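What follows draws every value from the coordinates through simple rules; no lab data is involved. Computed from a prediction, not measured in an experiment: that's the story for all the values here. A quick note on method: Cβ atoms are made from the backbone with ideal geometry, for glycine too, and the neighbour counts reach across all protein chains shown.
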Amino acid sequence: MAELTDNKDKKFIFVIGPTAIGKSQWALQQAIKYQGSIVNIDSVQLYQGLEIGSAAPTAAEKKQAPHYLYSYVKAPQEMTAGVYLRDFYNLITSENLKGPVFIVGGTGFYIQALEKGMYDVAPGDAKVRKQIEDDLKANGADSFFTELSAADPLHEIHINDHYRLARAIEILRTSGATPTQLKAKAVLQNANAFPYPYLKLGFTDSKEALLPRVQKRTRFILDSGIIDETKSFLEKGFANWSPLASVGYREVANYLIHNNSRAAGHESLFESIVTSTMQLIKKQKTWFQRDQATLWFESSANDQLEAAARLDLYLTSVDQNVTAKGY
RNA sequence: GGGUAGGUGCCCGAGUGGCUAAAGGGGGCAGACUGUAAAUCUGCUGGCUUACGUCUACGAAGGUUCGAAUCCUUCCCUGCCCA
């Protein structure tokens, strides 16, 4: 990690919460008000060409305050939380970001990675990974599960979770470390944790409150051209590019491949995107539940004002860290 | 009007005498989560009951049978074909 002294007195504000809650718009208002900047922490808005479906900030919005880490990863490159961290720290140590920095997004895993840091193990090597995948295919999950259980009887990976199983085996074979050891070590050291003062604000709301927002947004996304956006990637041969498996794009790709000819397909496309988005929201809410350090607000105008007041308190205070526990 | 296929749990759909509260999928609910994370994975999902159990359920009503979603009769409804 590079020298961090430049940012000693800089304040960071996480603005997190489920999709379609209105984080970006709120954060933009605040960034304008305090002459700050915005950094993305959404795992899909990172990519170039997926702006419509991921409801990324528009050019007009980006003009109102500096935005970073949006639309900069090009297909067929695929991001990981680890690479995101590298990019994030590169950014804030190489550029002198204006004012308070708003870190905005709903990807719980990335937020956690940034806040707590990641395990000190090598990232997946493409070659090794391929080998592991072949091995898994040839010998089945049972053999992986047995191998992992022998080395780490306390691991909590399910036998059907092939992705996690393969990753655990990869780490085990290359470094000898087990999931249980890594977890224990991370709790003790927490060496790669976020090194700056920060405030975590979250927006969330009931399913009933979110549904109309999701419907409206889905209509808008469809009208704005997510179908063409998807089509262009498919035509370039990126059908297996992992971001295309994210909410919206997955449904559209499926629609283009299977029901394109049917007139009724369009309405069910709308419905299926709404459903997946609501499912995503549920998963995000489940993830955020365990986060004890976030100050939560609802989406109402009143709560937005309340959140703004808390922000103001933080920005004008001399305290370093202000979290839920601080109040 | 005639013929024909069919009506199954929130939805789709399997089941054609007992092992059926009824496969599977979707949806819903709850959860896990350290380099794919908007991904991946797990559990639950008719009522009452802690449980044993019991009640209600396979279009409706009757019937056959020790026993029916499954067989028979009539009726209602839906799709398709012929008039």
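Close amide H pairs (under 5 Å, H built 1.01 Å from N) link A:Leu199 with A:Phe12, A:Ile13, A:Phe14, residues at least 5 positions away or on another chain. Take each peptide in A:92-100, A:131-139, count the other Cβ atoms within 10 Å of every residue, and average; sorted highest first, the result is A:92-100, A:131-139. Using θ = phi - 60° in the Karplus curve 6.51 cos²θ - 1.76 cosθ + 1.60, the 3J(HN,Hα) couplings for the range A:50-63 round to 10, 5, 5, x, 9, 6, 6, x, 7, 4, 4, 5, 5, 6 Hz; x is entered for Gly and Pro. Basic side chains Lys and Arg get +1 at the Cβ, acidic Asp and Glu get -1 at the Cβ, and with that the dipole of chain A about its Cα centre reaches some 300 debye. Amide H to amide H distances under 5 Å link A:Val39 with A:Tyr68, A:Phe102, A:Ile103, A:Val104, where only residues 5 or more positions off or on other chains count and H is placed in the peptide plane. About the centre of its Cα atoms, the range A:62-129 shows a dipole size close to 240 debye [charges on the beta carbon of Lys, Arg (+1) and Asp, Glu (-1) only; nearest 20 debye]. Restricting the calculation to Cα atoms, the range A:74-188 yields a radius of gyration followed by a Dmax of 16.9, 54 Å. 3J(HN,Hα) along the range A:74-91, derived from phi through the Karplus expression 6.51 cos²θ - 1.76 cosθ + 1.60 where θ = phi - 60°, amounts to 9, 4, x, 5, 10, 7, 9, 4, x, 5, 4, 4, 4, 5, 4, 6, 4, 4 Hz, with x in place of Gly and Pro.
Every pair of different Cα atoms in the range A:122-178 enters the Kirkwood calculation, which places the hydrodynamic radius at 11.2 Å.
How much net charge surrounds A:Asn190 when only other residues with a Cβ under 14 Å from its Cβ are counted (Lys, Arg +1; Asp, Glu -1)? Here the charged neighbours net out to +1. Overall, the ratio between the Cα radius of gyration of the range A:168-261 and 2.2 N^0.38 Å, rounded to two decimals, is 1.70. Over 22 Å apart at the Cα level, from the set A:Lys23/A:Lys98; A:Lys11/A:Lys207; A:Lys63/A:Lys216; A:Lys10/A:Lys200; A:Lys127/A:Lys236, are A:Lys11/A:Lys207; A:Lys63/A:Lys216; A:Lys127/A:Lys236.
Highest-first packing order for the peptide set A:9-18, A:33-42 is A:9-18, A:33-42, based on the mean count of other beta carbon atoms within 10 Å. Per residue, the convex hull spanned by the Cα atoms of chain A measures out at 158 cubic angstrom. Over all Cα atoms in the range A:1-115, the spread is summed up by Rg and Dmax: 13.4, 38 Å. What is the distance in Å between the Cα centres of the range A:165-185 and the range A:77-129? Cα centroid of the range A:165-185 versus Cα centroid of the range A:77-129: 20 Å apart.
The HN-Hα couplings worked out from phi for the range A:309-316 by the Karplus form 6.51 cos²θ - 1.76 cosθ + 1.60 (θ = phi - 60°) are 5, 5, 4, 4, 4, 5, 5, 9 Hz, whole numbers, x standing for Gly and Pro. Since only A:Pro153, A:Leu182, A:Pro195 are under comparison, the one whose Cα sits farthest along the positive direction of the charge dipole of the range A:152-196, derived from C-beta charges on Lys, Arg, Asp and Glu, is A:Pro195.
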